[in-house]
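Presented below is the structure to which this report refers.
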Amino acid sequence: IISPGSDDPCAGLNKSMPKASNEGKGTFGCLINGEPWVAYNSNDIGDQIFGAEPELEASYSNGSYARIVARKALYIEECDSVSQSFIFHFHSDDQDDNGINHFTGASKFYNWHEGYRYKTDSLANNQIFINKLDLENRIISCTFSFQLINADAADTIRVTEGRFDTTF
């Protein structure tokens, strides 16, 4: 798969951050240690780079529990393989005095290709702000930031400027 105007089959794989929205557009992006991370799937990578929807799942149940799964998968022979995913868990009715929600301890980031799993750092200021929760139209839109740790690799990553807008 080659991007228009390029002989490099890997050109264009680093998508820019999606714009913040509240319309159920099926977008997910954040900065990991300052570098953009945008969900996509190599099964439709040609379309994905140029506008198809990312691999993104959302569920909302029991009147307050939300689960979001976003994946970034790339298996093209000429490019570096990537298999990563975020799994968020939070309760929409569990807000602090500033209206900010916090992730549950089950929230994680997986780097499958490199064999690493990160979990939310319980000592950090991990937060998620629900911009829109529309139960009738089944839309959830949030912004988030948090810190993740991997005890096995003695590594910490900081996730900032995160946003997603999807249906459930």
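The values are calculated or read from the model by the stated rules, or taken from the named source; none is laboratory data. Keep in mind the model is a prediction, meaning the values are calculated, not measured. Counting neighbours? That spans all protein chains shown, and the Cβs are built from the backbone with ideal geometry, glycine included. For accessibility, only protein heavy atoms count, side chains too; no ligands or nucleic acids. Shrake-Rupley method; radii C 1.70, N 1.55, O 1.52, S 1.80 Å.
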Explain nothing, just compute: Karplus ³J(HN,Hα) = 6.51 cos²θ - 1.76 cosθ + 1.60, θ = phi - 60°, for every residue of the range 141-147 in order, whole Hz, x for Gly and Pro.
9, 9, 10, 7, 7, 6, 10
Please give the solvent-accessible surface of Lys119 in Å², to the nearest 10, using a probe radius of 1.4 Å with every protein chain present.
100
Please list, in chain and number order, the residues 5+ apart from His102 or on another chain whose amide H is under 5 Å from its amide H, with Hs placed from the backbone.
His91, Ile128
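Calculate, in nm to one decimal, what Asn131 and Thr156 gain on full extension: separation in residues at 0.36 nm each, minus their alpha carbon distance. Write out the running numbers ahead of the final one.
On the way: separation 25, 0.36 × 25 = 9.00 nm, distance 2.72 nm.
Full extension from Asn131 to Thr156 adds 6.3 nm.
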Please compute the modelled spin-label separation between Ala124 and Met17, points set 7 Å along Cα→Cβ, answer in nm with one decimal.
1.6
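Give, as a single signed number, the net charge of other residues whose beta carbon lies under 10 Å from the beta carbon of Asn101, with Lys and Arg counted +1 and Asp and Glu -1.
Neighbourhood net charge equals -3.
Starting from the Cα-Cα distance between Asn62 and Asn98, subtract it from 0.36 nm times their residue separation and give me the gain in nm to one decimal.
The Asn62-Asn98 span can extend by a further 10.6 nm.
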Accessible surface, 1.4 Å probe, highest first, among residues Ser59, Ser122
Ser122, Ser59
